[in-house]
Amino acid sequence: MSAGGALDLLLVAVVVVPALVGAALALVGTTADRVAVPVVLGTAAVVAAASVAAVVGAAEVATGFVAGADLGLDTAGPAAVMTPVVTVVALLVLVAASTSAETATARFSGLMLLFVAAALVTVLATSLPTLLLGWEVMGATSYALIGLRWREDSHVGSGLTAFLTTRTADLGLYVAAGAALAGGSGLDLATLAETSPGWRHVVAAGVLVAALGKAAQLPFSFWLSRAMDGPSPVSALLHSAAMVALGGYLLLRLAPLLAATGWADDAAAWAGAATAVVLGAVAVAQRDLKQLLAASTAAQLGFVVLAAGVGATAGGAAHLVAHASVKAILFLVAGAWLEAVGSKRLASLGGAARRWPVVGACAAAGLLSLAGIPPLALWVSKDAVLAVALEHSPALYAVALLAAGLSAAYAGRALVIVLGSPHEGADAATVVGPEDGAEEGAVGGTGRVPGLLPVALLPLAAGAVGLGVLGLPSVLSRLPGGAEAPAPTSAEIVVSGLLATAVLTGVLVLSRRARGAARPWPSAGAGAGAGAGAGALLGWLHVEAAVHRLLVRPTLRLADRLARVDDDLLDGAVTWVADASLRLADRSARADVTVVDGAVRASVAGIRRLGQWARLPQTGQLHQYYLQAVAVLAAALVVLVIVR
Amino acid sequence: MLSVLVFLPVVVAAALLAPSVPDRVARIVFVATAAVEVALAGAVWAAYDDPGPGALALEEQVPWIPGVGSSYHVGVDGLSLPLVLMTTVVFLACAVFAAREQERPRLQAALFLFLEAVSLGLFVSADLILFFVFFDLSIVAMYFSISGWGHGNAARSALRFFLYTFLGSLALLLGFVGLYVASSPHTFDMLELAAEPPLQGTGATGALVLGAILLGLAVKTPTFPFHTWLPPAHSDAPAIGSAVLAAVLLKMGTYGFVRFGMTMLPDAWRAWAPVLVAVGIVSVVWGALVALAQTDLKRMIAYTSVNHMGYVVLAVGAAGLVSSGADDARAVAVTGAVTQMVSHGLLTAALFLLAGVMFDRRADYGLGEYGGLAGPAPRYTALFAVAAFGSLGLPGLSGFVAEFQVFAGSIATAPVAAVATVGILLTAALFLRAFQRVFTGPTAGLAHGFPDVTAREWAPVAGLLLLSVLIGVLPRPLLDLIEPAAVAAAALVSR
């Protein structure tokens, strides 16, 4: 076999091996729990190595699928960057997951491998049907993973919310496929931009909606809040290298299509910028570490979507990669602290970073990078996006800069608390008080963080710090789509770096003062009149409640009503026809007796009477017969005379 | 070869009627015969070469009623062979599933083998009278299955099923006679009718004849608003009766759309196409919404059949919109429709067999009666989850391959078809809501002590689902079979 053939087989294995092993583990279930960890880690390691080899060898494979499109995988383009990110982050997340009893099971491991396989298909897809295959299986496995603790109804409900919300957006891809077919471009992703002008708008709109849904951009963001019910390793992967991240990735890949419509690129840019600001503000208002991180994911993906809109694909890809390592760390740490402390409330995590210094240092590196502090990774990658945005429109740049400031605010807020002293944290918890409600799952922590955790965290921390190299002009220009993009000027870089540092310092100072006044956090709910706004931010703008009120409940009511119509009217009509037939039959039967049979009987009676009359002349007396003969003859004569 | 495939089960069924056959033997014979049928269908597939447009492979023809131009004429093409294969597989799954049947197993085996023969005979028929005979015999056999082995209000549901679909078949017969009268020379032969379609350019007459045929098929399929016989029939039928009813008998309706309507009455088909598109969309949305409101598992699955068959009607309707100019897209829609028939057969049979497991254990289909079933019955849960995700059109299973093509092809020819995509969202909601109610949360109600599936129960379901996954990931072998025939059918409509 040629080297190319072997490489292509390797690429197939990258997808098929985790899918098969994952399906087997998930289906076998508890009986395979004991071997789950070695099997899943071995598989993930092999897949990571194979994926790097496949990317280096520029492998691509295809076989026939549906509607003239291929089931194709190709490592070219942005996939060359994203594929190794998915497999490596997945491996590290699985290492971390193996340290917790809940996530060391066969079912969890199997579902995670399926999730990874689906994410890889999404990344590598060459055609719309292949993309949908990965895209929706990813959604379905995330449903199962978010609802992993299936005995909790609310967790399964959260999975359902995530799946239905993203699938609503996915309908865009189905419509896009129809439009692409009508527009004569075929279903290959590479040729979508060549769809005939009218249909091209539909294709772009469909793709845009689907991607915004997966990337948890406005107005779909709320599902991400519910998704926090899943175990932390799920969030660590879902927010960094799969699902949410791939929503942004799809737009980066299809940026040419967006640009070809003349409006979809601007729409994407503004949707991304708006999400970055609004969800940034939501993140600032959160009181729960995981919720804060979730909102920040939507906000950070906003920069990626913005990048796709303004054509900064290289900068967007760099941001996606850097964000992946940052978020993977933060969710893994959040999960470990949750188990150790028994609470994910920010206020209870005071001093957590001091208590567990290695893990804490990794978390601090992640948070500083998230804040955009120079020279860490997200500072550089964000600026690669902002530079292009500035060329595009100063207004867009200004909004994005505001969003960058908000990232520093929410990251700084979390940083201040976890780096603070535990004593203050406990105080703060009492001050925050009962309006937070009894926290679900707060059952008292184990008091310890797994010793193996840093094995997974340290490489990610290195990425969170060092992946800024992706933003260096010489590297950026080699990323897909990077050749033509303008590199950030030093002025821009300094502006955003100073902004992040200033905001972070501001947060630090404010929180010190607030500590003096025994307040946990001055912004959320502190000012009179800001309460409603803060409440809205805390509740993720209450979009989920609105969706329930405006869509879900009316649909269920409509369903109930239609079911009644079905039973009463449609089925009722059939029953009525049947009953009417019976009644008609009944009436016919009666008519049969009275009319038809009556007529027969009446005629019988008539004939009998005729017979009686006919018997009358038969008297048996001769003279009467003669008399009758004379009468008949006379009558005959009369007739004869008249007729003649 | 096709005749052996069709008549072997009848011969075996006749032998099983002998009262001296012990129940144990009857069960084994049922499974063995169904397995031989799968092998025979596989052999037919192996011997099959695409016959090209307007022809059939493995044809057999002997005179039957020469006076009216009707003959025993059978053959297969890319439209019928997939259904033949699916039918044999579904019957094998049912045979295995029924291997523990306690109630008159010998007669049930005979009845179902007879039904299998009738179903296969229908799909290979190339003569309208022959088709009609099989069509009505299938109704008779299913009537006995429901009334003889059903539960609940079985007698009433069976009668309703029989009368409703039998009336539908009379409309169909009327249409067939119309075709016969209009053809010259008079014939009931499908190939001859398709080669020289009668009633071309006759306007109202052709539309009326097709209208009668469509009415008969719409009842059988069933489409909105003729679907109300389906839920009671399913909810009172035995598990394998429901599986066959949904998987095989419903396909007789949808198969007819492609077989008679599109190819024999192209002119009238184009006139009816907008109506079909509308009926398809309404069936999709109506079926899904009403299913969402159900509290009985079997009724819910029954209504999803209305939804799934709606996709088929939508696709074949869109294929009649010739003026759209999107010839490729029309062929894609027809391919999707035929794929959907196969896919729905596999997935719905699996779902109904699983519903049967529930009834065997607890004699209750009420969604609200269970809770947390995943605890006591993890294997059952896994099977149900896969089947449900397949039925809601998740990629990686056959439903996606079918529905993606239906959507892509239909939207490209009739943009209004985009409305029907709501259907996959609603089915996702209804299946996952039902799943959540029955399988997750704390173990409650009838779920306590629910025994997990036995090998006899999970093996047939797993087999059906495995085939669905194979089609979902590697659909080419199936699509290579269907596509030439679909392209031909789409081209025939534009005559």
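In the stretch A:134-143 there is at least one residue matching the filter, namely being more than 11 Å from chain B (Cβ to nearest Cβ), touching a residue at least 12 places away in the same chain (Cβ under 8 Å), within 19 Å of the chain's Cα centre (by Cα) and in a helix (DSSP H, G or I). Would you confirm whether any residue within the stretch A:389-402 is surrounded by 24 or more Cβ atoms within 10 Å (Cβ to Cβ), closer than 30 Å to residue A:256 by Cα and hydrophobic (A, V, I, L, M, F, W, C)? Checked the stretch A:389-402: at least one residue is surrounded by 24 or more Cβ atoms within 10 Å (Cβ to Cβ), closer than 30 Å to residue A:256 by Cα and hydrophobic (A, V, I, L, M, F, W, C).
Within 14 Å of chain A (Cβ to nearest Cβ) and modelled with pLDDT of 95 or more, is that true of residue B:473? Here the answer is no, as residue B:473 does not meet what is asked.
Among the criteria (1) surrounded by 14 or more Cβ atoms within 10 Å (Cβ to Cβ); (2) part of a helix (DSSP H, G or I); (3) out of contact with any Cys (no Cβ under 6 Å at 6 or more places or on another chain), the one residue A:457 does not fulfil is (3). The condition (being free of Cβ contacts under 8 Å to residues at least 60 places away in the same chain and under 30 Å from residue B:33 (Cα atoms)) is satisfied by just one residue among B:128, B:120, B:137: B:137.
As a summary of the residue check, residue B:452 satisfies the conditions (1) outside any helix (DSSP H, G or I); (2) within 7 Å of chain A (Cβ to nearest Cβ); (3) over 16 Å from residue A:136 (Cα atoms); (4) of a type outside the set (A, V, I, L, M) except for the one numbered (2). Taking the numbered list (1) farther than 30 Å from residue A:588 by Cβ; (2) in a helix (DSSP H, G or I) in turn, residue A:603 passes all entries but (1).
A quick yes/no check of all residues on (1) without any contact (Cβ under 8 Å) to a residue 12 or more places away in the chain; (2) facing chain B (nearest Cβ under 8 Å); (3) surrounded by fewer than 24 Cβ atoms within 10 Å (Cβ to Cβ); (4) in contact with a Leu (Cβ under 7 Å, 6 or more places away or on another chain):
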{"residue": "A:118", "(1), (2), (3), (4)": "no, no, no, no"}
{"residue": "A:127", "(1), (2), (3), (4)": "no, no, no, yes"}
{"residue": "A:153", "(1), (2), (3), (4)": "yes, yes, yes, no"}
{"residue": "A:160", "(1), (2), (3), (4)": "no, yes, yes, yes"}
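Considering the conditions (1) of a type outside the set (A, V, I, L, M, F, W, C); (2) within 9 Å of chain A (Cβ to nearest Cβ); (3) more than 21 Å from residue B:376 (Cβ to Cβ), residue B:460 is excluded by exactly one of them, (2). Here is the figure for the stretch B:57-102: residues that are outside any strand (DSSP E or B) and farther than 17 Å from residue B:353 by Cα total 13. Can we say residue A:181 is crowded, with 24+ Cβ neighbours inside 10 Å, of a type outside the set (Gly, Ala, Ser), touching a residue at least 40 places away in the same chain (Cβ under 8 Å) and at the interface with chain B (Cβ under 7 Å from one of its Cβ atoms)? Yes.
The values are calculated or read from the model by the stated rules, or taken from the named source; none is laboratory data. Because the structure is predicted, anything quoted here is derived from the model rather than measured. Note: ideal-geometry Cβ built from the backbone for every residue, glycine included; neighbour counts use all protein chains shown.
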